[in-house]
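Bear in mind that the values in this text are calculations on the coordinates, not laboratory data. Worth saying up front: this structure is predicted, and the values here are computed from it rather than measured. Quick reminder, even Gly has a Cβ in these numbers, built from the backbone with ideal geometry, and neighbours come from all protein chains shown.
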Amino acid sequence: MRPLFIFLFLFIISCSGIETQSYEILSKDDSKLINSRLSIDVDHKSNEEVKLTVQIFPKFDLEIKNYLLVFDMKFREDYNDDFMGVCIGPSWENYSSGEFTIKLEDKFNFKNTITGKYTQDEDDLCSNYFYYLRFLEIEIKNGDRYLIGVATDYAQEYPDAPYFWKVNKNRQIDVQGTTNIEKYSLNFELKK
């Protein structure tokens with residue numbers, strides 16, 4: 001009876017429509033606050049709605065208060081389709097289409113969910129949308145913040161990947177080291 005239960009459980013999970021991306025984030029300079037695993041679950045609820053669940057599993061979480069992640073949708077020229085329209089993408093709760101922010105707090109085990117609703121816009125000819133992590137910030141319980149480079153910041157207010165900075169309570173920036181993150185490598189895809 002037990003193998004049948006395990007088979008049914010695995011079958012239900014495989015048919016649920018949830019796609020998972022998992023990334024290992026490691027500091028090359030052995031900063032224990034950086035080392036973690038990022039999990040992004042995309043649940044295609046329907047052709048009108050998508051549910052995104054993001055969770056970070058820190059290796060050493062005793063000092064971490066929260067993570068702040070900003071995702072952005074890639075521009076049209078990054079797509080492989082041959083069309084002249086624009087990719088609008090879903091409209092995220094409390095945000096519009098394109099960029100959205102999600103906060104992962106210690107009190108919720110560094111996990112949060114956001115829902116996106118697809119628009120019926122005639123100009124949106126895309127069936128796939130590519131998102132990448134633009135900014136990643138770690139706030140420590142003492143008020144210090146760590147800015148992790150995950151993309152390129154043309155305004156130079158954020159480190160480029162693979163560097164990370166420490167910003168103390170006095171807003172002084174100290175370059176800390178590097179990670180295993182390559183530019184634009186933390187990403188996910190939505191399929192309408």
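Across the range 151-192, Cα-Cα distances exceeding 13 Å account for 61% of all pairs. Counting other Cβ atoms within 10 Å as a rough exposure proxy, the listed residues Ile173, Ile56 run Ile173, Ile56 from fewest neighbours to most. Sequence-distant contacts, meaning Cα pairs under 8 Å at least 6 residues apart, place the relative contact order of the range 99-192 at 25 percent. In this structure, the amide hydrogen of Val86, modeled 1.01 Å from its nitrogen in the peptide plane, lies closer than 5 angstrom to those of Leu125, counting only residues at least 5 positions away or on a different chain. Among the listed pairs Lys28/Lys111; Lys28/Lys191; Lys74/Lys103; Lys45/Lys141, those whose Cα-Cα separation exceeds 28 Å are Lys28/Lys191; Lys45/Lys141.
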